[in-house]
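Have a look at the structure below, then the notes.
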Amino acid sequence: MTIRRQYRWLWLPAVLLPALLVAAGFLLGNPTVTETESLRVRAALGQWPAEIRLRSAAWLGNPAALRAEAMNLLASNSPSGIAEGQAKLRQAAGKGDRRAALMLGKLYFHGANGLPRNHALARPWLQQAASEWPAADYYLALIEKNGLADAANPERALAALTRAANAGVPHAQFLLAQAYLEGQGVVRDEAKALQLIHLAAEQEYPHALQFLAQAYARGDHGLPRDERQANLLFALTADANRDSPAFP
Amino acid sequence: MNFQRYLATAILATGVLLAGCDDNSDEQPSIEVGTKASVVMLETTDLHTNILGYDYFKLAADPSFGFDRVVTLIKAARAEFANTFLFDNGDTIQGTALADYQAQVAPIGCETTLAMYKAMNTMNYDAGTIGNHEFNYGLPFLSQVSGLQLNVDADGMPTKKCAGPNFPLVLANVNSSKDNQPLFSPYSLITRNLTATDPDGKTVTAAIKVGVVGFAPPPIMNWDKRWLDGKVYISDTLEVAQKYVQEMRAKGADLVVFLQHGGLDGAAYSADMENLGYYLSMVGGVDVMFMGHSHRVFPNATSTLAAFNLPGVDKSKGLINGVPSVMANYWGKSLGVIKLNLVYGENGWYVDKSKTTVETRSTRNTDGTYVAADPAIASLVDSEHKATIEYVKTPIGDTDFRMTTYFADVGEVGAIQLVNQAQAAYVKDYVAANLPQYASLPVLSVSAPFKSGFGGGSDYTDVQQGNVAINNAADLYLYPNTVYAVKVTGAGIKNWLEKAANRFNQIDVTKTTAQELVGSFPGYNFDMFTHTDISYEIDVTQPANSRIVNLMYKGVAIDPAAEFIVATNNYRASGGGGFPGLDGSNIIYASPDANRDVLIAYIKVLENIKRTSNGADRSWRFKKVATTGPVIFHSAQNVLSLASAAGLSNVSLYQADDGSGKNLSIYQIDLAN
């Protein structure tokens, strides 16, 4: 009959479309990190060529592309989008994308985007991410220091915090500085603390700026009493408080 | 017509048409190959409406910053160099009480030019870009004061073009969601006649076209989400940079300048990243990159900042992957100066890169003095300046008691309780509206006396009875912190208070000689509750970390496992002061609002501050103990009456002058009473 004959041809696009996507993926090759970012932004704006390129790379299992799609989905504000985004993030992390692992770890650490606050679940993802993303070591340090996943482990916490600080995470530099000021888990070392504070302050980390402002106001920690310098640092703190992220 | 005549006509017609294609041909005589010119590009950045060197909270002049001083440097550069271009790199219209005054307190009308732009309009800027802080007052305000009609849907957009800067504002990476076009002109092409030297050494005029394109930091979508969400969106900045470089070159730009309101970051590229300079330098076809936003100076030969030590960054010569780049500090403290030596070759102007110089010039001289401020600027904005001072002095409420910290170390709460009340109310409202999972938890607050006499007798908070103005609020909350709330247990609270109690020395009850009560632990870390629901005693006869006794919540010993929300500030909650357990791990609310602004808002609603309701709730006392000798502490002179007014009957004068030369007396506290 007429209808059945028309439907007979539906198998063509049903097979062709995914085949085309896969072919496109193969032909165009894996996008670079920068290209994936560009694709992600354009896909988020609804530009279909970028969507297709990203989708084809994701279909082929490209972890960065999966993670890029996950990021767009997580930003979608729809419960189904967020659920799908979580799943893709897990896929990407499972395939070794360490940035995705960091993102998952952070979501579980804070409890966000539909995921509950669960430090025990956060930890393995953070451990996976840590070799590439020093911010992960900051979160691991907090988990170990405060016993958020299981019993507190001060040694492991200090090691993770030190790694993050050495890699330039200002939040970690500040906390490590506090440890050296207090002699907590390390031998008290004011000079080392100030060194770390200065590193964090150079990155406009507001609490390091405030620490220095307060120190110059009083002439503390070996710094000269300098009210003008203190005022300038407080002003920089004000700006940094606004613009700096609370977490790495 | 025969063929020859036809050919001649055709050739003539073609010649005429081709002649018309050359933009320069009817403007300038053609430039001789070998002509040289020196072009100096100047940058101001992050002026933040510091038109004058003046601190509106302290109500005092400060020569270490101010547009009126960088103007002196600009004029000097223009006298020194024949060909200068002047650019502003954004974060221009927000940042001082003057900016707030013109934007929010007494919003300027359409015909009024913003004071910052009014001042800049006297300096012949060639172009400026938009930084993140340009969006702080919303799109309608930005549209009005920039003299443009931005194409967005928002309430209060200007219905006509208003007064604005007399230079173009360019921005390439922020687009209107309404029409998917850049919100501002993405770039501007500036044609200039340069004073040049021909191959024979003769002075000639030669034209040049400079294309300038601007970029804002992508996180504006978070920072100013309430104004921008759904109205604008960010492009992939690298992509649009490439696109507009090509476009400007196609339109004859000899030089391309990037105005990036951002700095450097070597982290893996992300389209959302804040500081795009490192990746923008790799775009290709860029001659000069201006940076800003991070409030630093680049080049800086001695910088240890990771971003300034990335591969490809020459922090002495000011080259980023070969592109001359400068970041000129902030608030008019420095002028960025990039000098290019140009040669006109077969294919047009090219840069002799061996002669490029990059530097910043500071308004601070090497001997510590400052260049003179340009008096014309001060006259120009005198009325706006005076109006701002009046605004800062305008009462927002009044107090029936003198709010001071002279005796905060021994129990006076008059300057702290109001801060705690404001913080607690603010956090309580937020939790109720946004964090239902914590709705059942009690919300408490701690704060500390930020000024407790370290600098002498005037280094205390002292708000007189009577009117309370914004600068008084600055006295009540000195630091520029933001409100953070943490979730802690009863045990956590005890640890918190133990740390704070390090303020005091351990007192030996058998000693006959006088003992100093207060040690070197800073007063700004002496966190305290000021609420009748919480009570505790501090036993100063005990060693540190064993001093908090009888810690009670609502009259019952605090349950170490019970959970509480405590409002504090971002510094404390993130590890500042080294308080146990306060390291960022238990933050439940990281507000963008400043504690001081929360306090101001609270006072505006409360209007009348009273000691009975806002200044008499002591949570802590010293544990009573009899000492053989006197226990003493220092405070300002002639303020003993304030102690009794604050209900402290155990304080007396011990010595009128402590001999430090800092206008301090010694007081005695009777710990037995």
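Each Lys and Arg Cβ is given +1 and each Asp and Glu Cβ -1; about its Cα centre, the range B:187-294 then shows a dipole of about 320 debye. I need the shape label for the range B:395-669. Rule: rounded when a/c is under 1.5, else prolate if a/b > b/c, else oblate, with a, b, c from the alpha carbon gyration tensor. Since a/c reaches 1.5 but b/c is at least a/b, the shape of the range B:395-669 is classed as oblate.
Taken along the Cα-to-beta-carbon direction at a fixed 7 Å, the label points for B:Asn467 and B:Asn347 span 6.9 nm.
If you sort the three axes of the alpha carbon gyration tensor as a ≥ b ≥ c, you get a/c of 1.5 or more for the range B:428-511 and a/b no higher than b/c, which makes it oblate.
Once the dipole of the protein assembly as shown is set up with Lys and Arg at +1 and Asp and Glu at -1 on Cβ about the Cα centre, which of B:Ala253, B:Ala61, B:Val427 lies farthest towards its positive end? Value computed over the given set: B:Val427. Mean residue ellipticity at 222 nm, helices only, chain B: -6500 deg cm²/dmol; runs of at least 4 DSSP H residues each add -39,500 (n - 2.57), and the sum is divided by the number of residues.
In this structure, the pairs whose alpha-carbon distance is over 28 Å, taken from A:Lys106/A:Lys145; B:Lys209/B:Lys339; B:Lys209/B:Lys317; B:Lys494/B:Lys610; B:Lys118/B:Lys355; B:Lys202/B:Lys355, are B:Lys494/B:Lys610; B:Lys118/B:Lys355. When the range B:33-388 is described by a simple charge dipole with +1 on each Lys and Arg Cβ and -1 on each Asp and Glu Cβ, the residue from B:Asn309, B:Ala206, B:Ser281 located farthest towards its positive end is B:Ala206. Counting only protein heavy atoms, what percent of the accessible surface of the range B:33-388 is carbon or sulfur at a 1.4 Å probe? C and S atoms contribute 48 percent here. Averaging the Cα positions of each part gives two centres, and for the range B:71-88 and the range B:131-178 these lie 28 Å apart.
Rounded to whole numbers, the Karplus 3J(HN,Hα) couplings from phi for the range B:219-228 are x, 4, 5, 8, 4, 10, 3, 4, 8, 9 Hz, using 6.51 cos²θ - 1.76 cosθ + 1.60 with θ = phi - 60°, and x at Gly and Pro. Helix A:119-130 and the long axis of chain A differ in direction by around 90°, with both axes built from C-alpha atoms. Where in the range B:520-552 does accessible area fall by at least 40 Å² between the isolated chain and the complete protein assembly, at a 1.4 Å probe radius? Those are B:Tyr524, which lose 40 Å² or more relative to the chain on its own.
Ligands, DNA and RNA are left out, and with a 1.4 angstrom probe the accessible area of the range B:33-388 is 36 Å² per residue.
Rounded to the nearest 20 Debye, what is the dipole magnitude of chain A about its Cα centre when Lys and Arg each give +1 and Asp and Glu each give -1 at the C-beta?
That gives a dipole near 1340 debye.
Axis of helix B:67-80 versus longest Cα principal axis of chain B: the two differ by about 30°, to the nearest ten degrees.
Principal-axis analysis of the Cα atoms of chain B puts helix B:237-250 at an angle of about 30° to the longest axis.
A simple charge model with +1 on the Cβ of Lys and Arg, -1 on the Cβ of Asp and Glu and nothing else charged puts the dipole of the protein assembly as shown at about 1960 debye relative to its Cα centre. Along the axis of the charge dipole computed for chain A (Cβ charges of +1 for Lys and Arg, -1 for Asp and Glu, origin at the Cα centre), the listed residues A:Ala152, A:Val15, A:Pro248 are led at the positive end by A:Val15. With a cut-off of 13 Å between beta carbons, the residues surrounding B:Leu380 carry a summed charge of -2, where Lys and Arg count +1 and Asp and Glu -1.
Hey, which of these cross-link pairs are over 22 Å Cα-Cα: B:Lys251/B:Lys315; B:Lys75/B:Lys251; B:Lys623/B:Lys662; B:Lys428/B:Lys554; B:Lys160/B:Lys243? Pairs exceeding the cut-off: B:Lys251/B:Lys315; B:Lys75/B:Lys251; B:Lys623/B:Lys662; B:Lys160/B:Lys243. The distance separating the Cα centre of the range B:232-294 from that of the range A:198-222 comes to 32 Å. Could you list the residues of the range B:131-156 with an amide nitrogen less than 17 Å from a label point located 7 Å from the Cα of B:Arg226 in the Cα-to-C-beta direction? It comes to B:133-142, B:154-156, nothing else. Using C-alpha pairs under 8 Å with a sequence gap of at least 6, the mean separation divided by the residue count of chain B gives a relative contact order of 12 percent.
Work out the FRET efficiency for A:Asn30 and B:Phe81 from their Cβ-Cβ distance, taking R0 = 41 Å, and round it to the nearest 0.05. Calculated value: 0.25.
Counting only protein heavy atoms and a 1.4 Å probe, chain A has 47 square angstrom of accessible area per residue.
Run through the range B:391-492 and list the trypsin sites (Lys or Arg not before Pro) located in a DSSP loop whose Cβ has at most 15 other Cβ atoms within 10 Å. Listed in order of number, the matching sites are B:Lys393. Contact-buried residues of the range B:292-326, at a threshold of 30 Å² lost accessible area versus the chain by itself: B:His295, B:Arg296, B:Thr304, B:Leu305 (1.4 Å probe; DNA, RNA and ligands ignored). In this assembly, the B-A interface accounts for approximately 4400 Å² of buried accessible surface in total, computed with a 1.4 Å probe and without ligands, DNA or RNA. Under the combined filter of DSSP loop state and at most 16 neighbouring Cβ atoms within 10 Å, the range B:339-384 retains these GluC sites (Glu not before Pro): B:Glu346.
Remark: spin-label model distance B:Gln637-B:Asp179 equals 7.0 nm, labels positioned 7 Å along the Cα→Cβ axis. Using a 1.4 angstrom probe and counting only protein chains, how large is the accessible area of B:Asp409 in Å², to 10? Estimated to the nearest 10 Å², B:Asp409 gives 20 Å². The residues of the range B:579-610 occluded by other protein chains by 50 Å² or more of accessible area, set against the chain on its own, are B:Asp583, B:Ser585; surface from heavy atoms, 1.4 Å probe.
Among the trypsin sites (Lys or Arg not before Pro) in the range B:203-312, those placed in a DSSP loop whose Cβ has at most 13 other Cβ atoms within 10 Å are B:Lys251. Of all accessible surface on chain A at a 1.4 Å probe, what whole percent is carbon and sulfur? Percent of accessible area from carbon and sulfur atoms in chain A: 58.
The values are calculated or read from the model by the stated rules, or taken from the named source; none is laboratory data. Bear in mind that the values here come from a model prediction, so they are computed numbers and not experimental data. Every residue, glycine as well, gets a Cβ built from its backbone with ideal geometry; the counts of neighbours run over all protein chains shown. In case anyone asks, the SASA skips ligands and DNA or RNA and just uses the protein heavy atoms, side chains included. Shrake-Rupley method; radii C 1.70, N 1.55, O 1.52, S 1.80 Å.
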